[in-house]
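The values are calculated or read from the model by the stated rules, or taken from the named source; none is laboratory data. These figures come from a predicted structure and were not determined experimentally. Cβ sites come from the backbone with ideal geometry, for glycine too, and all protein chains shown count toward neighbours. These area figures cover heavy atoms from the full protein model, side chains too; ligands, DNA and RNA do not enter into them. Shrake-Rupley method; radii C 1.70, N 1.55, O 1.52, S 1.80 Å.
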Amino acid sequence: MRRRGGVVLVRTHMKFWSQTFIPTLKETPADAEIASHQLLLRAGLVRKLGGGLYTYMPAGLRVIQKISQICREEMEREGGIELALPHIHPVGNWQQGPRWAAAREIMYRADSAGDGKRPPREPEFVLGPTHEEVITPLVKHEITSYRDLPKNFYQITTKFRNEIRPRFGLMRAREFIMKDAYSFDATDQDAMLSYHKMAKAYTAFFTRCGLKTISVEADTGVMGGNFSHEFMVPAPVGDDDVVYCEKCGYAANRQKATSALGAEGIPDPGQGKIEEFATPGVLTIAALEAPPYGVAADKQFKTLVYMGDGRPFLVVLRGCDDLEEAKLGALGFQLWRAATPEEIEPVMGAKPGSLGTVKGTIKNSGALAGIFADDTIRLVGHGTTGANKDGFHLRDVTWRDLQISQWGDYRRVREGEPCPQQTIGHSCCGQPLKIARAIEVGHIFKLGTKYSEIFGAMFTDDKKQSHPMVMGCYGIGISRTMQAVVEQSNDADGIIWPWSVAPWQVLVVNLDPQDSAASDVANKLAAAAEAAGADVLVDDRPERPGVKFKDADLIGLPLRLTVGGRGLKEGVIEMKWRAGKEVRKVPLADAEREITATVRTAAAP
RNA sequence: CGGGGUGUAGCUUAGCCUGGUAGAGCGCCUGGUUUGGGACCAGGAGGUCGCAGGUUCGAAUCCUGUCGCCCCGACCA
């Protein structure tokens, strides 16, 4: 019994409010700050156990199940094959994989809690934060021939991540529900096809959930891989920044975004005269901007010291720019972090505040793993930088005077910079870029052969040659999607569920549940709505009308039917959309037919 | 992990500065009156003031430590 628009979980039976459990709250819980988090709690959809740990209450679980089912349908449509991988992983799988060092910190150990006497050892088991390290060995054993490719396996399961900072309810949780999929292809071309199929499935999925998303170029992060796109829901409470161009459609995650700033046509400044001058107590860009020095931030070379896999390296930016740390991922280090003053001084010869990379001034440049200069420092021309001598700077320095091992893009893009998009006939689009906050609800990666090579997931082609499979991986935050829908669809009174993911689609408010005539009408209308294909909740609680209407608005079911003594005297019931204002009186005689037609129309895609 | 906040009844909170019997609203229980947008009256139950030390005749209040939670940042679906 498939239905269009919505999905079928199990054969539906109308639910009576008094016989399920929807604990609504009149007041806003103190530890929820954003609208969606407050509404999830107030509407009785979730309850908190601890930071980033939530119970899905009966109504919330129904939403999760509906979103999951829509996801399942769209995955199957694009060839996905559902399975379920273990949550507990032998740590060896991760140690063998490419990102144990970087990922272990966010992973929960899952071995015995111990006898309390011995100190903790290395874990034997970990809880799965994602599953590349498990699916790839599985496929290695099970698939060996090109005849069995391509394959795309997916699952919808709980993931465990020791988030540095859980926040906003389900938005970033320690335990959350995710759909993850892994594609295996014989060729790069086929892998691109798999990638595009997933992009298509994602677009269809989010559209069906009633979410407006945009897809943006993204950083591949700890995942590695060739390239990736994120699916973002624009929202002020999101914790990602999307950089986009209104003219050409360029859109990228801030970690990945670039601009055309300093891209071309900058004259060679030649070498500077380089004069040392005293700057006692000047430790910041701002202090050097101030009188008596008056050096504008964009005329300063800023030198940052980082540690990459235990060795120091330098990044050179304009004084006015910020480093985009994620871009350091391109440098090839497994782990990197800002260096401490104690680590800096022996290498540079000075404390932070007087650092620079002018040739010959670095005390121990042999210790450095590299000096990485951002392309835009060419814009400085003749500028100022630290002398690697506490309390001294150098002026009239150009990039030609600096020691540099590699150029690249390391800076954070700012709003208003020119769009970098390449278009035919023009070197770049050039329109001012905009930046907006967004919630990341999905992410697709083309992984390449990184995992298949490490785990030996090989196949034999039709010429008896052995090759690593080309992989892709694809995630959707199911529980996060639920909250994103609420965040995007609510008003002062409560949630406004889209038809497709509403826990129930029709709410029959029986204002006089003690009255058998009213109850008969209410139950008949509910049965009609259900027969037409809706999930129906009947509010049969012995509450005052005000309470029932307030709760109805709060839990936000799309269509409300009201049955009460006042209407019945006139011979009418009332029909109202949660999203609208109009209350329509429907004569009793027409009610069942009207409801059937209305539900069928709403359920159509 | 760095910065900022906060912890008093199931929920929202007052009291803390200036130490002296812990208060309110919502919710809950009993009875009554109400009955189309979070009713009203009367009565009632419910708190070792996050925890542990300390100062003091006396600590929710002052001090120290610790834990939880919330927000900003780096990271993620």
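In whole Hz, with x marking every Gly and Pro, tabulate ³J(HN,Hα) for segment A:235-251 from phi via Karplus 6.51 cos²θ - 1.76 cosθ + 1.60, θ = phi - 60°.
6, x, 8, x, 10, 10, 10, 10, 9, 8, 10, 6, 7, 9, x, 4, 8
What accessible area, in Å² to the nearest ten, does a 1.4 Å probe give for A:D111?
Looks like 30 Å² after rounding.
Taking only the alpha carbons of segment A:291-450, what extent do you get along each of the three principal axes, in Å, biggest first?
Taking max minus min along each principal axis of the Cα atoms, segment A:291-450 gives 47, 39, 29 Å.
Grab every C-alpha pair in segment A:46-205, bin the distances at 5 angstrom width from 0 up to the longest one, and report whole percents.
Over segment A:46-205, the share of Cα pairs per 5 Å bin runs 2, 8, 14, 16, 18, 17, 13, 7, 4, 2, 1, 0 percent.
Using a Förster distance of 30 angstrom, determine the FRET efficiency expected from the C-beta separation of A:D239 and A:E105, and round it to 0.05.
Efficiency, rounded to the nearest 0.05: 0.95.
Place +1 on the Cβ of every Lys and Arg and -1 on the Cβ of every Asp and Glu in chain A, take the dipole about the Cα centre, and give the residue among A:G353, A:V486, A:L433 whose Cα lies farthest towards its positive end.
The listed residue farthest towards the positive side: A:V486.
Return the tail of the calculated pair distribution for chain A, meaning the percent of Cα-Cα pairs more than 43 Å apart.
When every Cα pair of chain A is considered, 37 percent fall beyond 43 Å.
Classify segment A:18-106 as rounded, prolate or oblate from the Cα gyration tensor: take a ≥ b ≥ c as the square roots of its eigenvalues, call it rounded if a/c is under 1.5, otherwise prolate when a/b beats b/c and oblate if not.
In terms of gyration-tensor shape, oblate.
If you stretched the chain out fully between A:H196 and A:E246, how much longer would it get, using 0.36 nm times the residue separation minus the C-alpha to C-alpha distance?
15.6 nm
When the Cα centres of segment A:457-527 and segment A:155-193 are compared, how far apart do they sit, in Å?
Each part reduced to its Cα centre gives a spacing of 18 Å.
Going highest first, how would you order A:25-31, A:537-543 by mean Cβ packing within 10 Å?
Order by mean packing, descending: A:537-543, A:25-31.
Just the number, please: percent antiparallel of the DSSP beta bridges in chain A, rounded to the nearest 5.
80
About its Cα centre, what dipole magnitude does chain A give when the only charges are +1 on Lys and Arg Cβ and -1 on Asp and Glu Cβ, stated in debye to the nearest 20?
For chain A, the charge dipole is close to 980 debye.
Given H placed 1.01 Å from N in the peptide plane, which residues other than close sequence neighbours of A:F313 have an amide H under 5 Å from its amide H?
It is A:Y306, A:M307, A:G308, A:A369, by chain and number.
Of A:K179/A:K450; A:K179/A:K548; A:K48/A:K576; A:K247/A:K299; A:K548/A:K581, which ones are farther than 29 Å apart at the Cα?
Violating the 29 Å Cα-Cα cut-off are A:K179/A:K548; A:K48/A:K576; A:K247/A:K299.
Going by average Cβ neighbours within 10 Å, how do the peptides A:98-105, A:270-277 rank, with the highest at the top?
Peptide ranking by packing, descending: A:98-105, A:270-277.
Taking a ≥ b ≥ c as the square roots of the eigenvalues of the Cα gyration tensor of segment A:505-566, is the shape rounded (a/c under 1.5), prolate (a/b larger than b/c) or oblate?
oblate
Taking the Cα atoms of segment A:123-189 alone, what are Rg (to one decimal) and Dmax (as a whole number) in Å?
Gyration radius and largest Cα-Cα distance of segment A:123-189: 15.4, 46 Å.
Compute the long axis of helix A:516-531 from its Cα atoms, compare it with the longest principal axis of the Cα atoms of chain A, and write down the angle in degrees, 0 to 90, nearest 10.
So the inclination is approximately 50 degrees.
Whose amide H sits under 5 Å from the amide H of A:Y410, counting only residues 5 or more places off or on another chain, with H placed in the peptide plane?
Under 5 Å from the amide H of A:Y410: A:D375.
Take every Cα pair under 8 Å in segment A:271-356 that's 6+ residues apart, average their separations, divide by the length, and report that relative contact order as a whole percent.
Computed value for segment A:271-356: 27 percent relative contact order.
Among A:T207, A:G442, A:F125, whose Cα projects farthest towards the positive end of the dipole of chain A, with charges put on the beta-carbon of Lys, Arg (+1) and Asp, Glu (-1)?
Of A:T207, A:G442, A:F125, it is A:T207.
Given +1 on the Cβ of Lys and Arg, -1 on the Cβ of Asp and Glu, and no further charges, what dipole in debye does segment A:63-166 carry about its Cα centre, rounded to the nearest 20?
So the dipole magnitude of segment A:63-166 works out to roughly 300 debye.
Hey, in chain A, which Cys have no second cysteine's beta-carbon closer than 4.7 Å?
Here A:C71, A:C209, A:C320, A:C428, A:C473 come out as lacking a disulfide-compatible partner, given the Cβ-Cβ threshold of under 4.7 Å.
Over what distance in Å are the Cα centres of segment A:331-400 and segment A:223-294 separated?
18
Could you tell me the calculated FRET efficiency between A:K273 and A:T28, based on Cβ-Cβ distance and R0 = 51 angstrom, to the nearest 0.05?
0.20
Apply the a/c threshold of 1.5 to the C-alpha gyration tensor of segment A:404-484 and tell me whether it is rounded, prolate or oblate.
Since a/c reaches 1.5 but b/c is at least a/b, the shape of segment A:404-484 is classed as oblate.
Positive end of the charge dipole of chain A (Lys, Arg +1 and Asp, Glu -1 on Cβ, about the Cα centre): tell me which of A:L39, A:A235, A:G80 has its Cα farthest that way.
A:L39
Among A:309-317, A:582-590, A:87-95, how do they line up by average Cβ neighbours within 10 Å per residue, starting with the highest?
Going by the mean number of other Cβ atoms within 10 Å, highest first, we get A:309-317, A:87-95, A:582-590.
Using only alpha carbon pairs under 8 Å that are at least six residues apart, calculate the relative contact order of chain A and give it in whole percent.
18
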